[in-house]
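This report concerns only the one structure given below.
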Amino acid sequence: MTPDLERAGAEALDRTDPLARYRDRFVVDDPTRLYLDGNSLGRLSIATRSRLAAAVDEWGARLVEGWHDWIELPARVGDRLAAIVVGAQPGEVLVADSVTVNLFKLAHAAADVRSGPIVTDAGNFPTDRYVLDGVARQRGRAYVEAPSIGDAVDAAAGGVLCLSLVDYRSGALLDLAAITAATDALVIWDLSHAAGAVEIDLAPAELAVGCTYKYLNAGPGAPGFLYVRRDLQPRLRSPIQGWFAQRDQFAMGAGFDPVDGIERFAAGTPPILATLALDASLDLFEDAGMGPIAAKGRALTDLAVRLADAWLMPFGFVLGSPRDAERRGSHVALRHPDAWRVTRALIERAGVVPDFRQPDILRLGLAPLTTSFTDVWDGLDRLRGLVERGEHLELPPKPTRVT
Ligand SMILES: Cc1ncc(COP(=O)(O)O)c(C=O)c1O
């Protein structure tokens with residue numbers, strides 16, 4: 001084994017990692033369990049735990065009076081998310097609803113101003129495909145699931161295009177500026193696997209949605225966010241005419257008359273506790289900076305790729321992610337015909353938590369703030385030992401409901 005693939009190499013990377021100290025700011029219930037699924041549900045930070053406890057007390061003490069402050073929270077935390085994570089301007093990001101609902105809103109709004117087809121790529125995340133198909137159906141519009149990103153861009157001329165900036169399976173990172181410039185379609189970017197993992201500059205982008213429970217550590221079911229570039233806001237309308245988008249909301253007026261800014265894309269009562277959890281989490285991202293966070297993501301995934309090349313390829317694994325770190329998010333896909341059983345065996349027998357994605361992908365999510373280089377080394381070492389011994393073959397072959 002070359003020296004840089006020995007455990008000492010990973011330990012040396014940890015010693016010089018400028019972000020290593022952030023691990024101690026997260027709850028680690030079981031230090032022997034290697035958590036490599038931060039791209040599915042991020043860890044709980046200690047600050048978020050305290051903030052949630054304080055928020056619950058505030059609810060108890062202030063009751064309905066709390067709304068005087070809470071009502072502005074989705075836009076206020078949206079502004080922080082814009083500045084710290086996604087490279088947008090104040091007034092362009094709103095924390096609201098789920099990714100699914102936000103995509104529904106923006107797809108309808110975009111289809112109001114583009115008459116062409118509604119398009120995505122066949123590999124896009126299921127909820128994106130289902131929502132876009134449904135929106136097209138509701139509007140009597142053509143819906144296209146293109147076989148590749150390039151085909152999707154071509155097919156979307158004059159219409160609405162939705163792409164994931166980081167692919168949920170392969171981790172492939174697209175060139176947002178180049179694709180946006182190459183099409184006259186309105187592009188809705190799904191940032192779910194990108195926000196908190198890679199540096200994002202939304203300035204050229206028109207529309208985007210994303211989630212906060214993965215790399216942004218806001219907790220299970222935490223709200224999503226949506227971005228609408230400021231110059232487009234007056235021209236776009238949400239298909240959900242909810243009272244939180246209404247001008248002078250508490251006048252309880254007769255007809256729907258949406259406010260001018262990003263809050264015109266709000267719908268109903270926002271989830272305050274989860275939004276406060278996100279607010280606390282953003283403090284850590286602000287402190288660490290997305291530049292260093294993304295650089296560590298590239299280094300962690302590089303180490304995983306090198307170890308997989310050296311140790312796992314002889315056992316039938318194939319790299320399912322781009323080799324070039326600049327073209328990757330912060331997770332690595334390893335493909336294997338028995339990936340489901342390997343994933344379960346890792347969780348149940350080796351104390352390593354990755355996840356499985358159909359049809360044959362074991363995903364290693366390497367959240368930069370909470371994953372060390374030795375976690376990566378140990379995780380892949382345990383994986384190698386497990387397949388060497390053939391332990392996964394002792395498990396039943398069928399996936400469970402949550403993978
Ligand atoms: C790329 C992508 N888009 C959308 C979603 C769905 O988000 P939600 O369940 O918050 O609507 C996910 C969830 O993992 C995702 O990975």
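Ordered by 1.4 Å accessible area with all protein chains kept, Asp378, Asp29 run largest first as Asp29, Asp378. Per-residue extension of 0.36 nm, minus the Cα-Cα distance of Val113 and Ala310, leaves a gain of 65.8 nm for this segment.
What does the charge count around Leu366 come to, taking other residues whose C-beta lies under 14 Å from its C-beta (Lys +1, Arg +1, Asp -1, Glu -1)? Once all neighbours under 14 Å are counted, the net charge is +1. DSSP assigns beta bridges within the range 150-225; of those with both partners inside it, close to 20 percent run antiparallel. Distance from the alpha carbon centroid of the range 74-112 to that of the range 265-322 works out to 20 angstrom. A Cβ-based charge dipole, computed about the Cα centre of the range 237-361 with Lys and Arg at +1 and Asp and Glu at -1, lands at about 600 debye. Return the single residue from Val387, Val86, Val209 with maximal mean-square fluctuation; model: Gaussian network over the chain, springs between Cα atoms under 10 Å. Sorting by GNM fluctuation, first place goes to Val387. Sorted on the mean count of surrounding Cβ atoms within 10 Å across their residues, most packed first, peptides 390-398, 32-40 read 32-40, 390-398. Computed across the range 336-403, the Kirkwood hydrodynamic radius from all distinct Cα-Cα pairs reaches 12.3 Å.
Across the range 116-121, computed HN-Hα scalar couplings (Karplus, 6.51 cos²θ - 1.76 cosθ + 1.60, θ = phi - 60°) run x, x, 9, 10, 8, 9 Hz from first to last residue, x flagging Gly and Pro. Between Asp30, Asp201, Asp283, find the one with the highest GNM mean-square fluctuation for the chain; connect C-alpha pairs within less than 10 Å. The residue that fluctuates most here is Asp30. Projecting the alpha carbon convex hull of the range 286-403 along each direction and taking the average yields 7.5 nm².
Label-to-label distance for Asp57 and Glu11 is 4.2 nm, based on points extended 7 Å past Cα in the beta-carbon direction.
Peptide packing for 325-332, 188-195, 5-12 was compared via the average number of neighbouring C-beta atoms within 10 Å per residue; ordered from the highest value, the list is 188-195, 325-332, 5-12.
Per residue of the chain, the DSSP helices (runs of n ≥ 4 H) give a summed -39500 (n - 2.57) that works out to -11500 deg cm²/dmol at 222 nm. Charges were assigned to the Cβ only: +1 to each Lys and Arg, -1 to each Asp and Glu. The resulting dipole of the chain about its Cα centre is roughly 720 debye.
A Förster radius of 30 Å combined with the Cβ-Cβ distance from Asp24 to Val402 puts the calculated FRET efficiency at roughly 0.55. When the residues Leu383, Leu44 are ordered by accessible surface, computed with a 1.4 Å probe over the protein chains alone, the sequence from largest down reads Leu44, Leu383. Counting Lys +1, Arg +1, Asp -1, Glu -1, what net charge surrounds Pro90 among other residues with beta carbon under 11 Å of its beta carbon? Summing Lys/Arg as +1 and Asp/Glu as -1 gives +1. Each pair of Cα atoms in the chain enters the Kirkwood radius, and Stokes-Einstein at 25 °C and 0.890 mPa s then converts it into a translational diffusion coefficient of 111 µm²/s. When peptides 293-306, 170-183 are sorted by average Cβ neighbour count within 10 Å, with the highest value leading, the order is 293-306, 170-183.
The values are calculated or read from the model by the stated rules, or taken from the named source; none is laboratory data. Note that this is a predicted model, so its numbers are computed, not measured. Glycine gets a Cβ as well: all are built from the backbone with ideal geometry, and neighbour counts include every protein chain shown. Protein only, heavy atoms only, side chains kept; ligands, DNA and RNA dropped before computing areas. Shrake-Rupley method; radii C 1.70, N 1.55, O 1.52, S 1.80 Å.
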